[in-house]
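Step one of this worksheet: look at the structure below.
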Amino acid sequence: MPAGSALVFMKRIDTHQHFWQLSRGDYSWLANAEEPDRLAPIRRDFMPEDLFDQLSQHGVEKTILIQATDTVAETNFLLNLASQHDWIAGVVGWVDMQNPNSCTQLEVWARHPKFKGIRPMLQDIAEIDWIARAPHDDVVRTLVRLGLCFEALVLPQHLAPLLRFVERWPELSVVIDHAAKPQMAKGWAAEWAHAWRAGMQELSQMPNIYCKLSGLLTETGVGAHSQGDFQESTHRIEPAWEDLLTWFGTDRILWGSDWPVLELAADYTKWIAMTERLLKGLSQVEQTKIWYDNASTFYQLTR
């Protein structure tokens, strides 16, 4: 397990990181011909040896490994990695939620102590209301019965359908990835902002809904490569952070890096520093909840 630096005063769990191996051949989004230049920095293999030193440097004791493509084979690949590394504390995979046969696959994976739940790639599904109407009831019931979580990879326009889904399944543990990707690069006067604020505020009223403080840096449109960029990115994120803190409080926010997608905007160290700046007004107990305790509770890491 990564040892914390002497300069780190609290332990951390990274609730959102990825590994991929391009030769596996199922990462179609990385081969996106519409964004060849933007994705170029992360169009290579990223494996545990690429992340371990950064975890050690920043006192990150555990991580949650999140699916990066919509195949059963990739989830098996991730579970195999988790079996080889103690610091990978959990895996969130993928199944076809429309297929009742997925219940059998969930039963098999649930025997692995590090399998924690599933994530459909909602942001890439053309039908905005897919989550409210398409999943098979038996699949969702199986998630609930097995104590598995549901990760919502959504954009602001998906929040209203997501609300209908979670209202129907109040016993399902749900976390909103990347705070539903507020499109800060477009400015807070743009159309997305009303849908984001209204949707997130409504969802936050449900006690089974958590939210990840992750993926926000890539939504600012600035990055944090220079000191000036760092300050501008922090300035753009602050309104979203203040809203999230008001709505979800310090008991239902989880910290994550979204590494290596993070590398499109900055490195691991700068996102840690930016998070520390955002959290500086909180007490040490409150900060520890966001860095560590909430993740341990949500993913049942002490089970």
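The values are calculated or read from the model by the stated rules, or taken from the named source; none is laboratory data. These numbers were taken from a predicted model, which means no experiment stands behind them. Virtual Cβ from ideal backbone geometry, glycine too; neighbours counted across all protein chains shown.
Within segment 260-280, residues that are over 16 Å from R12 (Cα atoms) have Cβ atoms under 6 Å from residues that are assigned to a helix (DSSP H, G or I) and of a type in the set (F, W, Y) in these pairs: L262/W271, counting only partners at least 6 apart in sequence or on another chain.
Please pick out the residue among V91, V108, V139, V175 that is under 29 Å from E61 (Cβ atoms), outside any loop (DSSP other than H, G, I, E, B) and over 21 Å from the mean Cα position of the chain (by Cα).
Details: V91 fails: over 21 Å from the mean Cα position of the chain (by Cα); V139 fails: under 29 Å from E61 (Cβ atoms); V175 fails: over 21 Å from the mean Cα position of the chain (by Cα).
On inspection, the qualifying residue turns out to be V108.
Could you please give the count of residues in segment 113-135 that are of a type outside the set (V, I, T), surrounded by fewer than 17 Cβ atoms within 10 Å (Cβ to Cβ) and in a loop (DSSP other than H, G, I, E, B)? First the steps, then the outcome.
Step one: filter segment 113-135 for residues of a type outside the set (V, I, T), giving 113-117, 119-124, 126-127, 129-130, 132-135.
Next cut, surrounded by fewer than 17 Cβ atoms within 10 Å (Cβ to Cβ) only: 113, 121, 123-124, 126-127, 129, 133-134.
Now drop any that are not in a loop (DSSP other than H, G, I, E, B), which leaves 113, 121, 126-127, 129, 134.
Total satisfying the criteria: 6.
Set side by side, the residues W130, W94 differ, and just one is closer than 20 Å to L78 by Cα, among the aromatic types (F, W, Y) and without any contact (Cβ under 8 Å) to a residue 40 or more places away in the chain, which is W94. When the residues of segment 178-215 are filtered to those that are touching a strand residue (DSSP E or B) at 6+ places or on another chain (Cβ under 9 Å) and assigned to a helix (DSSP H, G or I), the one that is surrounded by the most Cβ atoms within 10 Å (Cβ to Cβ) is A180. Test L155 against the stated conditions and say whether it is in contact with a Cys (Cβ under 9 Å, 6 or more places away or on another chain) and either modelled with pLDDT of 95 or more or closer than 25 Å to D137 by Cβ (or both). No; evaluated as a whole, the condition is false for this residue. Within segment 209-225, residues that are within 16 Å of E242 (Cβ to Cβ) have Cβ atoms under 6 Å from residues that are among the polar types (S, T, N, Q) in these pairs: T220/S233, counting only partners at least 6 apart in sequence or on another chain.
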